[in-house]
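Undergrad: Please find one structure pasted underneath; my questions will follow.
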């Protein structure tokens, strides 16, 4: 029998963030294949993506940045869920993280100055909000 578990907005946005991370590599790998050829890309090593168009290089960096930031976000959301400290503030933090990361990916890939930095900070604030609830502030 399947247990009925209500998924909080925090957990749902964590799942969406992970799904975006899972899909992000597809455009820049297809671009790498177009740029360098299939056998060079799958044959290792492609030394870098330097020869690709700038948007592809930026999308790769945005993806790596999301990979780096997804683990702390996931840890905080899961800890808040397990400890019962998930609430409207953690939901706000998760919303800030998710939407800011989405904007950061788009703005970073488009090469819009300051955009990636501003939205990175907004996502960071989302994590701080979640953390504050876990530790009781």
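All of the numbers you see were taken from the coordinates with simple rules; none came from a lab. Keep in mind that this is a model prediction, so the values were computed, not measured.
Undergrad: Return one number: the angle in degrees, 0 to 90 and rounded to the nearest 10, between the long axis of the Cα atoms of helix 25-36 and the longest principal axis of the Cα atoms of the chain.
TA: 10 degrees
Undergrad: Which whole-percent values make up P(r) of the stretch 58-134 when all C-alpha to C-alpha distances are grouped in 5 Å steps starting at zero?
TA: The calculated distribution, bin by bin, is 3, 19, 27, 21, 14, 10, 5, 1.
Undergrad: What's the angle, to the nearest 10 degrees (0 to 90), between helix 88-110's Cα axis and the longest principal axis of the chain?
TA: Relative to the chain, helix 88-110 is tipped by roughly 10 degrees.
Undergrad: Over the chain, with a Gaussian network built from C-alpha contacts below 10 Å, which listed residue (96, 23, 59) shows the highest mean-square fluctuation?
TA: Of 96, 23, 59, the most mobile in the Gaussian network model is 23.
Undergrad: Given that compact globular proteins tend to follow 2.2 N^0.38 Å, what is the ratio of the alpha-carbon Rg of the chain to that value?
TA: Dividing the Cα Rg of the chain by 2.2 N^0.38 Å gives 1.23.
Undergrad: Helix 54-83 versus the longest principal axis of the chain: what is the Cα-based angle in degrees, 0 to 90, to the nearest 10?
TA: Taking the Cα atoms of the chain, the angle to 54-83 is about 20 degrees.
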